[in-house]
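Quick notes on the structure that follows.
The values are calculated or read from the model by the stated rules, or taken from the named source; none is laboratory data. Please read all numbers here as calculations on a predicted model, not as lab measurements. Here the Cβ positions follow ideal geometry from the backbone for every residue, glycine too, while neighbour counts run over all protein chains shown.
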Amino acid sequence: MAIQLLVKDVFSIGSRDWDRRLFDELIPLPDGTSYNSYLIKGSERTALIDTVDPVKKNELINNVKQLNIQKLDYVISNHAEQDHSGAIPDILELYPDCKVVTNSKCKEFLIDHLLIPENRFIKKEDGESISLGNKTLEFYLTPWVHWPETMVTYLKEDKILFSCDFFGSHFATSDLFVTDKYKVISDAKRYYAEIMMPFRTQIKKNIEKITKLDFNFIAPSHGPVYDNPEIIIDAYKDWISDRTDNTVIIPYISMHGSTEYMANYLLDSLIAKGINVKPFNLSKTDLGELAMSLVDSTTLLLGTSTVLVGPHPAALYATVLVNALKPKLKYISIFGSYGWGGKTVEMIQANLNRLNAEILAPVLSKGHPRKEDLDLLDKLANQVYEKHKELNLIK
Ligand code: FEO
């Protein structure tokens, strides 16, 4: 990645991963990602904030060499996950006197994951700082965005908040700063949904904490830098709020068409009642899109065929994912068809134990839905309508 100047003596020197299409072997990345690393030259000392994924370490090292950095005093580690910390051992090898500056929990994780020797660390706790001469770095613990050790670094004189994953987006772009606000907020929402959403309560506390700082820039470790930080702070405040909207999401999987018929029947019925509906055919959908829709939706209706004694594995996979992401959903129901029996409802419900949503009566059809099954779907759609109305989501 080309070296880009953020402000005087502060450089973005990380790497873009244009081709990466999956993160953690789980999360789809339609637009790739970046591993941002920032170099700060103070009048007396130099520091690097976070590094890059190990697959891109050569780009980082080339950039450090290109800037002719003879002496690197500190590498700041805001987060131990390897996409930011993975090249720290290489940096330490290149600069034998360089120290890793981080909090005690992150130090423990870096030792565990990267086997960095104990004597290479300087520990800093909440509110502590280091001086680079004419520039000061302050450290603030922001636990659970999205690991327990996460922190942010604040460059006081230049009013820059280095937030690591917090406020990031998986978006590889040549722009250093946000140029297309709507694109970046959409990517940041996908990122929030997949990574941050389970920690809504902790994020709220951390936003309250960091917004006491006076910053003009948020420089995350994925995606472009915000030179108008309000846009992402306001978006986060909305996503973590208790607000849900007038949306029903219908993830479904259908082997021979009966469950799809029921999904479409519900879709038409809900649309006719003035409800926004988002169907997701689980054999085709991008699970990132499903995750994004969970940020604001009020109701989830999960449709599944029956395989042997339970739900289709794709429906169970989606259930496990929804449960892990812990969205604000208020109502859930299950529908689908079966041939001769099974424990579909019990198996799905057992995997939704982290949610606070009310479970509405499921509708299971033996074979293709008959009139009595469709009547039950009408009843379910009416119930959803009444629930949304009670929440003032429908005027
Ligand atoms: Fe971008 Fe939690 O790592």
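Assess whether residue 282 counts as being surrounded by fewer than 20 Cβ atoms within 10 Å (Cβ to Cβ) and in contact (Cβ under 8 Å) with a residue 24 or more places away in the chain.
So residue 282 fails the test.
Rundown of residues vs (1) farther than 30 Å from residue 367 by Cβ; (2) out of contact with any helix residue (DSSP H, G or I) (no Cβ under 7 Å at 6 or more places or on another chain); (3) at pLDDT below 95; (4) in the same structural domain as residue 348 (by TED's automatic domain parsing), yes/no style:
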| site | (1), (2), (3), (4) |
| --- | --- |
| 213 | yes, yes, no, no |
| 220 | yes, yes, no, no |
| 268 | no, yes, no, yes |
| 275 | no, no, no, yes |
| 278 | no, no, no, yes |
| 288 | yes, no, yes, yes |
| 303 | no, no, no, yes |
| 314 | no, yes, no, yes |
| 322 | no, no, no, yes |
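Residue check, residue 148 against (1) within 12 Å of the ligand (Cβ to nearest atom); (2) within 20 Å of residue 217 (Cβ to Cβ); (3) surrounded by fewer than 21 Cβ atoms within 10 Å (Cβ to Cβ), all met but one. Which one?
(2)
Taking into account only those residues within the stretch 75-104 that are assigned to a helix (DSSP H, G or I) and more than 14 Å from the ligand (Cβ to nearest atom), which is nearest to the chain's Cα centre (by Cα)?
That would be 104.
Give the stretch 344-385 a look and list any residue that's of a type outside the set (A, V, I, L, M, F, W, C), crowded, with 17+ Cβ neighbours inside 10 Å and not in a helix (DSSP H, G or I), or say none.
351, 362, 365, 369
Within the stretch 47-59, how many residues turn out to be outside any loop (DSSP other than H, G, I, E, B) and either of a type outside the set (A, V, I, L, M) or within 15 Å of the ligand (Cβ to nearest atom) (or both)?
Adding up the residues that qualify gives 7.
Any idea which of (1) surrounded by fewer than 16 Cβ atoms within 10 Å (Cβ to Cβ); (2) away from the ligand (no atom under 13 Å from the Cβ) is the one residue 173 doesn't satisfy?
Result: residue 173 fails condition (1) only.
Please indicate, with yes or no, whether at least one residue in the stretch 14-29 is in contact with a strand residue (DSSP E or B) (Cβ under 7 Å, 6 or more places away or on another chain), surrounded by fewer than 19 Cβ atoms within 10 Å (Cβ to Cβ) and under 13 Å from residue 83 (Cβ atoms).
yes
Can residue 196 be described as within 14 Å of the ligand (Cβ to nearest atom) and in contact with a Cys (Cβ under 8 Å, 6 or more places away or on another chain)?
No, not satisfied.
So which residues in the stretch 280-318 are touching a strand residue (DSSP E or B) at 6+ places or on another chain (Cβ under 7 Å) and polar (S, T, N, Q), if there are any at all?
Correct list: 281, 283, 293, 297, 298, 299, 304, 305, 306.
Say whether the condition of being assigned to a helix (DSSP H, G or I), assigned by TED's automatic domain parsing to the domain that holds residue 14, touching a residue at least 24 places away in the same chain (Cβ under 8 Å) and within 15 Å of the ligand (Cβ to nearest atom) is met by at least one residue in the stretch 63-74.
no
Here are some conditions: (1) away from the ligand (no atom under 14 Å from the Cβ); (2) touching an Asp or Glu at 6+ places or on another chain (Cβ under 9 Å). Residue 185 meets all but one. Which one does it not meet?
(2)
Filter the stretch 2-39 for residues that are on the phi > 0 side of the Ramachandran plot and in contact with a Gly (Cβ under 9 Å, 6 or more places away or on another chain) and give the result.
Within the stretch 2-39, just 9 meets the criteria.
Within the stretch 107-119, does at least one residue satisfy the condition of being within 15 Å of the ligand (Cβ to nearest atom) and under 19 Å from the mean Cα position of the chain (by Cα)?
No: zero hits.
If you take the residues in the stretch 54-74 that are of a type in the set (Lys, Arg) and surrounded by 18 or more Cβ atoms within 10 Å (Cβ to Cβ), which one is farthest from the chain's Cα centre (by Cα)?
57
Can you pull out the residues in the stretch 207-258 that are of a type in the set (Asp, Glu) and either surrounded by 14 or more Cβ atoms within 10 Å (Cβ to Cβ) or in contact with a strand residue (DSSP E or B) (Cβ under 8 Å, 6 or more places away or on another chain) (or both)?
227, 245 - these are the residues of the stretch 207-258 that are of a type in the set (Asp, Glu) and either surrounded by 14 or more Cβ atoms within 10 Å (Cβ to Cβ) or in contact with a strand residue (DSSP E or B) (Cβ under 8 Å, 6 or more places away or on another chain) (or both).
Does the stretch 154-162 include one or more residues that are within 16 Å of the ligand (Cβ to nearest atom) and either at pLDDT below 95 or outside any strand (DSSP E or B) (or both)?
Looking for residues that are within 16 Å of the ligand (Cβ to nearest atom) and either at pLDDT below 95 or outside any strand (DSSP E or B) (or both), one finds none in the stretch 154-162, hence no.
If you check 135, 124, which single one turns out to be farther than 12 Å from residue 102 by Cβ and more than 16 Å from the ligand (Cβ to nearest atom)?
Every option except 135 fails the conditions.
Restricting attention to the stretch 192-224, report how many residues are under 13 Å from the mean Cα position of the chain (by Cα) and either in a helix (DSSP H, G or I) or more than 22 Å from residue 84 (Cβ to Cβ) (or both).
10
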